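In what follows, a single structure is set out as structure tokens and then discussed.
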Amino acid sequence: MSNLKALIFDVDGTLAQTERDGHRVAFNLAFAEAGLEWYWSESLYGELLAVAGGKERIRFYLQQYHRDFTEDLDHLIPRLHQAKTEHYRQLLSSGKITLRLGVKRLIEEAYQEGIRLAIATTSALPNALALLEKNLDQTWFEVIAAGDIVPAKKPAPDIYHYVLDQMNLAAENCLVFEDSCHGLMAATQAGLKTVVTVNDYTINQDFSRATLVINHLGEPEEPFKIIQGEVSNKHYLDLNLAKELLS
Ligand code: XBP
Ligand code: MG
């Protein structure tokens, strides 16, 4: 009998590569629209990802690069972030950002087998929903924990504690999917085993506490590459492997 009762997914970077071509672009559109001469290049955005949460990221950027900026940030940042969210939703509705390899297959298999599903993301709820609406059946996810639902964002474990509470599940019965060291830290501190699927922004981060680190979930005809960890004779991540990883 397997311990596995639920899969919990991070959104940005894990379900889809949303950061570089989604969130980053939307931030820049919101800045331009507000008449601000701020531009987040791909490499600068990589630096700014050190801070989770869009509102927190703008504040961090100003502290690092525009210390002399005098506007009332408590007023400006939420306004900018709201505009950014609108741009992000529009970008997603164009369908340009698709799910990462193997994500749909694994989620469909889990749903059909009665394994419970949840989302734990730092992103604002409308952003998480925009991706799900376009690519998956959001009603399959019993809990969608997002954005400001907990006061402390990843790497704090709060969002994972919240999901476990809502689902009334123990950490030992769930497997988490993340793409970043912040996400891994949050899940690990909540006692959860985590599979990391890296991306260009996170590939060099420290994932030593992960159960498995791979380049993507893989498909039968497109195997994953193992970066850290061991699996028995498997080339893509399916429910059997998820169960094996939890045991
Ligand atoms: C990703 C984030 C988010 C997004 C921007 O979190 O840190 O801040 O970059 O989204 P996760 P918002 O990987 O946990 O989903 O602007 O909505 O915060
Ligand atoms: Mg992520």
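Residue 96 fails exactly one of the following numbered conditions: (1) loosely packed, with under 13 Cβ neighbours inside 10 Å; (2) farther than 30 Å from residue 220 by Cβ; (3) more than 12 Å from ligand 1 (Cβ to nearest atom). What is the number of that condition?
(2)
When you check residue 83 against the structure, is it in a strand (DSSP E or B) and either among the aliphatic types (A, V, I, L, M) or in contact with a Cys (Cβ under 9 Å, 6 or more places away or on another chain) (or both), yes or no?
The answer is no for residue 83.
Can you go through 89, 105, 67 and tell me which one is in the same structural domain as residue 141 (by TED's automatic domain parsing) and over 15 Å from the mean Cα position of the chain (by Cα)?
Details: 89 fails: in the same structural domain as residue 141 (by TED's automatic domain parsing); 67 fails: in the same structural domain as residue 141 (by TED's automatic domain parsing).
Just one listed residue meets the conditions, 105.
Residues in segment 71-79: is at least one away from ligand 2 (no atom under 16 Å from the Cβ), modelled with pLDDT of 95 or more and β-branched (Val, Ile, Thr)?
Yes, that holds for at least one residue.
What number goes with the only condition from (1) assigned to a loop (DSSP other than H, G, I, E, B); (2) within 25 Å of residue 181 (Cα to Cα); (3) at pLDDT 95 or above that residue 38 does not pass?
Among (1) assigned to a loop (DSSP other than H, G, I, E, B); (2) within 25 Å of residue 181 (Cα to Cα); (3) at pLDDT 95 or above, residue 38 violates only (2).
Give the residues of segment 43-66 that are near ligand 1 (Cβ under 10 Å from one of its atoms) and part of a helix (DSSP H, G or I), sorted by residue number.
Once the filter is applied, which keeps residues that are near ligand 1 (Cβ under 10 Å from one of its atoms) and part of a helix (DSSP H, G or I), segment 43-66 yields 45, 48, 54, 55, 56, 57, 58.
Name the strands (runs of 3 or more DSSP E) wholly within segment 130-247 that hold at least 2 residues that are under 17 Å from residue 4 (Cα atoms)?
Working: elements: 141-145, 174-178, 193-197, 212-214, 226-228.
So the answer is 141-145, 174-178, 193-197.
Report, by residue number, each residue of segment 5-25 that is assigned to a helix (DSSP H, G or I) and within 16 Å of ligand 2 (Cβ to nearest atom). I'd like the intermediate steps shown before the answer.
Pass one, segment 5-25, residues assigned to a helix (DSSP H, G or I): 19-25.
Within segment 5-25, 19, 20, 21, 22, 23, 24 meet the criteria.
So the check is Cβ under 8 Å with 6+ separation or different chains; which pairs have a first residue in segment 1-29 that's among the aliphatic types (A, V, I, L, M) and a second one that's within 9 Å of ligand 2 (Cβ to nearest atom)?
From residues that are among the aliphatic types (A, V, I, L, M), the pairs are 11/18; 11/121; 11/123.
Given (1) touching a residue at least 24 places away in the same chain (Cβ under 8 Å); (2) over 27 Å from residue 49 (Cβ atoms), identify the lone condition not met by residue 231.
Result: residue 231 passes all but (1).
Across segment 161-181, what is the total count of residues that are surrounded by fewer than 22 Cβ atoms within 10 Å (Cβ to Cβ) and in contact (Cβ under 8 Å) with a residue 60 or more places away in the chain?
The qualifying residues number 4.
Say we look at segment 1-37 and pick out the residues that are within 11 Å of ligand 1 (Cβ to nearest atom) and among the small types (Gly, Ala, Ser); which of these is surrounded by the fewest Cβ atoms within 10 Å (Cβ to Cβ)?
That would be 16.
The values are calculated or read from the model by the stated rules, or taken from the named source; none is laboratory data. None of the values given here were measured: they were computed from a predicted structure. Neighbour counts are summed over all protein chains in view; Cβ atoms, including those assigned to glycine, are modelled from backbone coordinates with ideal geometry.
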